[in-house]
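Written below as structure tokens is the structure these notes are about.
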Amino acid sequence: MIKEHAETEHFSGTVLVQRDGESFLELAFGSADRSEGRENTLDTRFGIASGCKLFTAIAICQLIEKGEVSFHTPIKEYFEGAFPHFDESVTIHHLLTHTSGIPDYFDEEVMDDFEDLWKQTPMYLMRKGEDFLPLFQNGHMKFSPGERFHYNNAGYIILGLMIEKLSGMTVQKYINKHIFEPANMNTSGYFRLDRLPENTAFGYIDEPDSSWRTNMYSIPIKGGADGGAYVTGPDMLSFWEALLTNKLLDEESTRLISEPHVRVKEGVNYGYGMWLNLPHKHHVMGYDPGVSFHSAYYPEENIKTVILSNESSGAFAIMKLIESYFNR
């Protein structure tokens, strides 16, 4: 089914399925580098866009376990005067669950093209969390904290800055040391677009005239707390295993990560950095120009899936094919 779909739809990426801890499916399609004819393999690194918000949420929970901060800590305690129009009751919990009401630098209710952001602010200047602050810090609240869910990238930028203040490390170095290393994600990381390591897929944007271009000028030059890490399929499976066996967090914090904290819509909730279709699906996803990513854990069937693509769409359809197979 997947091979047929990939051929028909020209899917580019990797698909991995694990069942009861054993490999069930491993497939690779398309090109990591179209110019050089380098093909994607199971060990190719792919960008995952917002899929790495879960890494940021885990990092915050680790610091909470150490007593550095709490879910109910108001952000004003660490950013006095930085956000003049924000409600003073906005907490870490609100940021983690996209219920803060703060303005976003990319508001999906009013914008639909991520590339539009970089027409006035060159993407090659977006190298760290502080670089995003001018895009939203003087904005006004959209609604009162806790009132509703509204997906918000800026909230995770602030969480990343909190990680840096509390740990004394950049958010990228913190996640590498305290999440990637203990999870044996040995080939994953936050890489600059102009310094991608070997065996990394370029992200591709297909144009209406059948031409294409890479996403070099379409996303921030380096990923951070709200998105932009690179992982391999095997590394992402290792991540799920580490999370589910309490290697990254204690048992209580692991439960909190995957507990529904806010209703998004009928049948869909949000935990901390994780989407929840309870009781049968915990998942993360990411979309950017040249990036399409879905990864899920299905507790009832003990199935883990990873779909990575270096094109702007494709992962969702593959995920649905996998689910249709196991739901026969």
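Which number in (1) surrounded by fewer than 16 Cβ atoms within 10 Å (Cβ to Cβ); (2) under 24 Å from the mean Cα position of the chain (by Cα); (3) not hydrophobic (A, V, I, L, M, F, W, C) marks the one condition that residue 37 misses?
(2)
Could you look through segment 124-141, keep only residues that are outside any helix (DSSP H, G or I) and within 23 Å of the chain's Cα centre (by Cα), and pick out the one that is nearest to residue 75 (Cα to Cα)? If you could, list the steps in order and put the result at the bottom.
Step one: filter segment 124-141 for residues outside any helix (DSSP H, G or I), giving 126-128, 136-141.
Next cut, within 23 Å of the chain's Cα centre (by Cα) only: 126-128, 136-137.
Values: 126: 23, 127: 23, 128: 19, 136: 15, 137: 13 Å.
Once the filter is applied, the top-ranked residue is 137.
Might you check whether a residue that is within 17 Å of the chain's Cα centre (by Cα) and crowded, with 16+ Cβ neighbours inside 10 Å occurs anywhere in segment 205-212? It would help to see each step written out before you state the result.
Residues of segment 205-212 within 17 Å of the chain's Cα centre (by Cα): none.
The answer is no; no qualifying residue exists.
Taking segment 287-308, which residues are buried (at least 24 other Cβ atoms within 10 Å of the Cβ) and more than 24 Å from residue 58 (Cβ to Cβ)?
290
Going by what's in this entry, would residue 57 be described as of a type in the set (Gly, Ala, Ser), crowded, with 18+ Cβ neighbours inside 10 Å and in contact (Cβ under 8 Å) with a residue 24 or more places away in the chain?
Values: of a type in the set (Gly, Ala, Ser): yes; crowded, with 18+ Cβ neighbours inside 10 Å: yes; in contact (Cβ under 8 Å) with a residue 24 or more places away in the chain: yes.
So residue 57 fits the description; yes.
Can you name every residue in segment 126-143 that is over 20 Å from residue 172 (Cβ atoms) and of a type outside the set (D, E, K, R)? Break it down into steps so the answer makes sense when it comes.
Of all residues in segment 126-143, those over 20 Å from residue 172 (Cβ atoms) come to 134, 136-143.
Within segment 126-143, 134, 136, 137, 138, 139, 140, 141, 143 meet the criteria.
In segment 201-216, which residue that is among the hydroxyl-bearing types (Ser, Thr, Tyr) and over 18 Å from residue 123 (Cβ atoms) is modelled with the highest pLDDT?
We begin by selecting, within segment 201-216, every residue among the hydroxyl-bearing types (Ser, Thr, Tyr); these are 204, 210-211, 214.
Pick out the ones that are also over 18 Å from residue 123 (Cβ atoms) and you get 210-211.
Working: 210: 87, 211: 93.
Filtering first and then ranking leaves 211.
Using the structure shown, decide if residue 257 is more than 20 Å from residue 5 (Cβ to Cβ) and either buried (at least 19 other Cβ atoms within 10 Å of the Cβ) or polar (S, T, N, Q) (or both). Lay out the reasoning, then the answer.
Values: more than 20 Å from residue 5 (Cβ to Cβ): yes; either buried (at least 19 other Cβ atoms within 10 Å of the Cβ) or polar (S, T, N, Q) (or both): yes.
It is true that residue 257 is more than 20 Å from residue 5 (Cβ to Cβ) and either buried (at least 19 other Cβ atoms within 10 Å of the Cβ) or polar (S, T, N, Q) (or both).
Quick one: how many residues across segment 169-189 are free of Cβ contacts under 8 Å to residues at least 60 places away in the same chain, closer than 13 Å to residue 63 by Cα and among the hydroxyl-bearing types (Ser, Thr, Tyr)?
0
Out of the strands (runs of 3 or more DSSP E) lying entirely within segment 268-328, which hold 2 or more residues that are touching an Asp or Glu at 6+ places or on another chain (Cβ under 9 Å)?
Working: elements: 268-270, 275-277, 281-288, 291-298, 303-309.
Hits in segment 268-328: 291-298, 303-309.
What is the number of the single condition among (1) closer than 15 Å to residue 306 by Cβ; (2) out of contact with any Asp or Glu (no Cβ under 7 Å at 6 or more places or on another chain) that residue 16 does not meet?
Unmet for residue 16, out of (1) closer than 15 Å to residue 306 by Cβ; (2) out of contact with any Asp or Glu (no Cβ under 7 Å at 6 or more places or on another chain): (2).
Between a residue in segment 303-317 that is within 25 Å of residue 216 (Cα to Cα) and any residue that is hydrophobic (A, V, I, L, M, F, W, C) and in a helix (DSSP H, G or I), which pairs come within a Cβ distance under 7 Å, given they are 6 or more apart or on different chains?
Listed pairs, sorted by first residue: 306/236; 306/237; 307/315; 307/318; 307/319; 309/315.
Filter segment 122-136 down to the residues that are under 11 Å from residue 224 (Cα atoms) and crowded, with 20+ Cβ neighbours inside 10 Å and list them by number.
Within segment 122-136, 126, 129, 132 qualify.
Can you find a residue that is farther than 24 Å from residue 155 by Cα, among the basic types (Lys, Arg) and either touching a His at 6+ places or on another chain (Cβ under 7 Å) or surrounded by fewer than 17 Cβ atoms within 10 Å (Cβ to Cβ) (or both) anywhere in segment 279-286?
Of the residues in segment 279-286, the ones farther than 24 Å from residue 155 by Cα are 279-281.
Filter once more, so that each one left must be among the basic types (Lys, Arg): 281.
Now narrow it down to the ones that are either touching a His at 6+ places or on another chain (Cβ under 7 Å) or surrounded by fewer than 17 Cβ atoms within 10 Å (Cβ to Cβ) (or both): none.
Looking for residues that are farther than 24 Å from residue 155 by Cα, among the basic types (Lys, Arg) and either touching a His at 6+ places or on another chain (Cβ under 7 Å) or surrounded by fewer than 17 Cβ atoms within 10 Å (Cβ to Cβ) (or both), one finds none in segment 279-286, hence no.
Do we find that residue 322 is surrounded by 23 or more Cβ atoms within 10 Å (Cβ to Cβ) and touching a residue at least 40 places away in the same chain (Cβ under 8 Å) in this structure? Spell out how you get there, then give the answer.
Details: surrounded by 23 or more Cβ atoms within 10 Å (Cβ to Cβ): no; touching a residue at least 40 places away in the same chain (Cβ under 8 Å): yes.
For residue 322, the condition - surrounded by 23 or more Cβ atoms within 10 Å (Cβ to Cβ) and touching a residue at least 40 places away in the same chain (Cβ under 8 Å) - is not met.
Could you check how many residues of segment 248-267 are assigned to a loop (DSSP other than H, G, I, E, B), among the charged types (D, E, K, R) and either within 12 Å of residue 98 (Cβ to Cβ) or free of Cβ contacts under 8 Å to residues at least 12 places away in the same chain (or both)?
From segment 248-267, those assigned to a loop (DSSP other than H, G, I, E, B) are 248-250, 258-261, 266-267; that's our starting set.
Going one step further and asking which of them are among the charged types (D, E, K, R), we end up with 250, 259, 266.
With the extra rule that they be either within 12 Å of residue 98 (Cβ to Cβ) or free of Cβ contacts under 8 Å to residues at least 12 places away in the same chain (or both), the set shrinks to 266.
So the count comes out to 1.
Every residue in segment 195-213 that is outside any loop (DSSP other than H, G, I, E, B) and touching a residue at least 40 places away in the same chain (Cβ under 8 Å), please. Before the answer, list the steps.
We begin by selecting, within segment 195-213, every residue outside any loop (DSSP other than H, G, I, E, B); these are 195, 200, 204-206, 212-213.
Listed by number, the residues that qualify are 200, 204, 205, 206, 212.
The values are calculated or read from the model by the stated rules, or taken from the named source; none is laboratory data. Bear in mind the structure is a predicted one, so any value in this text is a computation, not a measurement. Heads up, the Cβs are rebuilt from the backbone with ideal geometry, glycines too, and the neighbour counts pull from every protein chain shown.
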